[in-house]
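Each reported figure results from applying straightforward, stated rules to the coordinates on display, with no laboratory input. Every value quoted in this text rests on a predicted model; they were computed, and no experiment measured them. Glycine also receives a Cβ, built like all others from the backbone with ideal geometry; neighbour counts cover every protein chain displayed.
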Amino acid sequence: MRRIFRIALVPLLLWLAAGQAQAHAMLDHAEPRVGNKVASPPREVTLWFTQKLESAFSTITVTNGAGERVDTGKPRVSGNRMSVPLRPGGSGTYHVTWRALSVDAHTTDGSFTFQVGE
Ligand SMILES: [Cu+2]
């Protein structure tokens, strides 16, 4: 009895672990694109994820070349997309830091940069 239970349990746990890993909201792509250069300061930053997001607790912080915050606060979440408006921040290296709570209640975070040139 105990042995049968063990045989059944191991594949079940592996299957659960694989399912959970796939369910995390990872960054799929962004606009402006990760590492790219754009000519003028963007009016917003939009991120697309591999999973739908919960709007509460999902955040985007953007700083400009001078290290000043240029995001205007709470991001808009729609399905697997999250975006935040920016105020004018001039040229330089922009840093985007994001934190995402996916609908399966797992949190992921990350950061990337893009360049704004004249
Ligand atoms: Cu997950």
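Annotations for the structure displayed:
- Residue that is nearest to Ile60 (Cα to Cα), among those in the range 85-113 that are touching a Leu at 6+ places or on another chain (Cβ under 9 Å) and surrounded by 14 or more Cβ atoms within 10 Å (Cβ to Cβ): Trp98
- Members of the range 48-77 that are of a type outside the set (Asp, Glu), outside any strand (DSSP E or B) and over 21 Å from Gly117 (Cα atoms): Thr50, Gln51, Lys52, Ser55, Ala56, Phe57, Ser58, Thr72, Gly73, Lys74, Pro75
- Number of residues in the range 34-73 that are under 19 Å from Thr108 (Cβ atoms) and basic (Lys, Arg) equals 1.
- Looking only at the range 63-80, and only at residues there that are of a type in the set (D, E, K, R) and surrounded by fewer than 20 Cβ atoms within 10 Å (Cβ to Cβ), the one that is farthest from Ala100 (Cα to Cα): Glu68
- Candidate set from the range 81-118 (those that are within 14 Å of the ligand (Cβ to nearest atom) and among the small types (Gly, Ala, Ser)); member that is nearest to the chain's Cα centre (by Cα): Ala100
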